[in-house]
Amino acid sequence: MGVLAASLAAALVPTTAAAQAAADAPSAVLDAAIAGEHRSPANAARDRYRHPGETLTFFGFRPDMTVVEVWPGGGWYTEILGPALRDEGRLYVAEYGNDPPFDYQRREMEILEGKLSSAPEVYGDVTRTALDFSEESRIAPDGSADLVVTFRNVHNWFDDGYGPPEAPAIAFAAMARALKPGGVLGVVDHRWPDPATEDPAAGNGYVSEERVIALAEAAGLTLSERSDVNRNPRDTHDHPAGVWSLPPDLALRDQNRDRYVEIGESDRFTLRFVKPVE
């Protein structure tokens with residue numbers, strides 16, 4: 001190697017090392033949050049099905065982002081997002097609103113409130129908002145979010161018990177409105193494999209990718225990429241109690257329990273959308 005080439009190689013070493021360290025930093029923060037002792041053991045046991053590190057990495061998560069988690073339920077992902085964003089970022093949790101239609105929603109909001117209020121040193125300053133299907137819904141200030149995520153919620157929005165027929169469109173418009181230009185919407189839900197045969201009301205808990213993509217595109221977003229990280233080929237999608245036949249619900253109790261446990265949690269799509277930069 002000549003003198004000039006050797007000098008260039010030596011000069012590049014610290015730059016490359018610094019770049020690698022910067023690239024590894026989000027992963028390290030996520031890994032620490034996922035491994036944290038604050039997490040519920042029952043929640044942590046589901047990591048093998050929900051793949052939180054891989055999923056958030058696919059969505060482009062960084063610990064300095066402004067992130068909105070839509071319909072966080074009892075806080076499964078909040079247990080990870082809150083600590084990961086505590087120091088450098090900001091987290092909004094858009095809950096069910098002041099008058100949710102179902103008792104389980106009220107229970108989940110109470111669980112999440114207790115989780116956040118009992119450990120402010122873990123979660124930091126989390127801002128609670130709402131997605132309640134009113135046209136005025138603001139899940140975060142317009143154009144403020146780098147990343148909006150929602151996990152296993154879209155199928156509910158087709159059920160008229162949750163909101164008006166326009167609920168899915170309202171929800172996607174609210175998520176798109178919150179994003180900065182260039183911001184990302186990440187969606188995970190139970191996959192129905194054939195859009196021609198899916199239940200319009202998603203009563204079995206499954207929804208097709210095509211249907212979700214159409215909603216996102218109607219809200220002005222562009223499909224960027226799909227991931228198979230949450231795909232489960234063992235899921236046959238034809239269970240008597242829909243997706244709730246499978247873990248973690250096991251709605252049929254002892255009926256075919258071993259079979260459903262062997263299948264594991266549902267087959268899920270993982271979609272990444274981007275808000276165009278005008």
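Hey, among 212, 243, 229, which residue is at negative phi, in contact with a strand residue (DSSP E or B) (Cβ under 7 Å, 6 or more places away or on another chain) and in a loop (DSSP other than H, G, I, E, B)?
Values: 212 fails: in a loop (DSSP other than H, G, I, E, B); 243 fails: in a loop (DSSP other than H, G, I, E, B).
Being at negative phi, in contact with a strand residue (DSSP E or B) (Cβ under 7 Å, 6 or more places away or on another chain) and in a loop (DSSP other than H, G, I, E, B) holds for just one of 212, 243, 229, which is 229.
Considering each residue of segment 120-135, count those that are without any contact (Cβ under 8 Å) to a residue 40 or more places away in the chain and over 20 Å from residue 185 (Cα atoms), and give that number.
4
Being within 16 Å of the chain's Cα centre (by Cα) and closer than 19 Å to residue 39 by Cβ is the filter; apply it to segment 80-111 and report the residue that is surrounded by the most Cβ atoms within 10 Å (Cβ to Cβ). It would help to see each step written out before you state the result.
Just the residues of segment 80-111 that are within 16 Å of the chain's Cα centre (by Cα), to begin with: 80-85, 90-96.
Still in the running and closer than 19 Å to residue 39 by Cβ: 80-85, 91, 93.
Working: 80: 28, 81: 30, 82: 28, 83: 24, 84: 26, 85: 25, 91: 25, 93: 27.
Here the residue is 81.
Tell me the residue from 229, 277 that is under 25 Å from residue 77 (Cβ atoms) and in contact (Cβ under 8 Å) with a residue 60 or more places away in the chain, please.
From the options 229, 277, the qualifying one is 229.
What do you reckon, is residue 121 surrounded by fewer than 13 Cβ atoms within 10 Å (Cβ to Cβ) and either hydrophobic (A, V, I, L, M, F, W, C) or at pLDDT below 95 (or both)? Even if it seems obvious, please write down each step before you answer.
Details: surrounded by fewer than 13 Cβ atoms within 10 Å (Cβ to Cβ): yes; either hydrophobic (A, V, I, L, M, F, W, C) or at pLDDT below 95 (or both): no.
No: the conditions fail for residue 121.
Restricting the search to segment 208-226, which residues are over 13 Å from residue 189 (Cα atoms) and without any contact (Cβ under 8 Å) to a residue 24 or more places away in the chain? Give the steps one after another, and end with the answer.
Applying the first criterion (over 13 Å from residue 189 (Cα atoms)) to segment 208-226 yields 214-225.
Within segment 208-226, 214, 217 qualify.
Residues to consider are 254, 258; find the one that is loosely packed, with under 13 Cβ neighbours inside 10 Å and in a helix (DSSP H, G or I).
258
Quick one: is residue 136 out of contact with any His (no Cβ under 9 Å at 6 or more places or on another chain), charged (D, E, K, R) and surrounded by 13 or more Cβ atoms within 10 Å (Cβ to Cβ)?
Values: out of contact with any His (no Cβ under 9 Å at 6 or more places or on another chain): yes; charged (D, E, K, R): yes; surrounded by 13 or more Cβ atoms within 10 Å (Cβ to Cβ): no.
Criteria not met by residue 136.
Could you tell me whether segment 96-111 includes any residue that is hydroxyl-bearing (Ser, Thr, Tyr), without any contact (Cβ under 8 Å) to a residue 12 or more places away in the chain and either out of contact with any strand residue (DSSP E or B) (no Cβ under 8 Å at 6 or more places or on another chain) or assigned to a helix (DSSP H, G or I) (or both)? Can you show your working first?
Residues of segment 96-111 that are hydroxyl-bearing (Ser, Thr, Tyr), as a first pass: 96, 104.
The next check asks that each one be without any contact (Cβ under 8 Å) to a residue 12 or more places away in the chain; those that pass are 104.
In the following step, the residues that additionally are either out of contact with any strand residue (DSSP E or B) (no Cβ under 8 Å at 6 or more places or on another chain) or assigned to a helix (DSSP H, G or I) (or both) were identified as 104.
Within segment 96-111 (the criterion being hydroxyl-bearing (Ser, Thr, Tyr), without any contact (Cβ under 8 Å) to a residue 12 or more places away in the chain and either out of contact with any strand residue (DSSP E or B) (no Cβ under 8 Å at 6 or more places or on another chain) or assigned to a helix (DSSP H, G or I) (or both)), the answer is yes, since at least one residue qualifies.
Looking only at residues that are closer than 11 Å to residue 271 by Cα and surrounded by fewer than 19 Cβ atoms within 10 Å (Cβ to Cβ) in segment 196-212, which one is farthest from the chain's Cα centre (by Cα)? It would help to see each step written out before you state the result.
Of all residues in segment 196-212, those closer than 11 Å to residue 271 by Cα come to 209-210, 212.
Then keep just the ones that are surrounded by fewer than 19 Cβ atoms within 10 Å (Cβ to Cβ); that gives 209-210.
Numbers: 209: 15, 210: 18 Å.
Step by step, filter segment 196-212, then rank; the result is 210.
Go over the candidates 77, 49 one by one and state the one that is touching a residue at least 60 places away in the same chain (Cβ under 8 Å), among the hydroxyl-bearing types (Ser, Thr, Tyr) and either in contact with a strand residue (DSSP E or B) (Cβ under 8 Å, 6 or more places away or on another chain) or buried (at least 20 other Cβ atoms within 10 Å of the Cβ) (or both). Please lay out each step first, then the result.
On the way: 49 fails: either in contact with a strand residue (DSSP E or B) (Cβ under 8 Å, 6 or more places away or on another chain) or buried (at least 20 other Cβ atoms within 10 Å of the Cβ) (or both).
Result of the check over 77, 49: 77.
The values are calculated or read from the model by the stated rules, or taken from the named source; none is laboratory data. Keep in mind that this is a model prediction, so the values were computed, not measured. In this analysis, Cβ positions are derived from the backbone assuming ideal geometry, glycine residues included, and neighbour counts consider all displayed protein chains.
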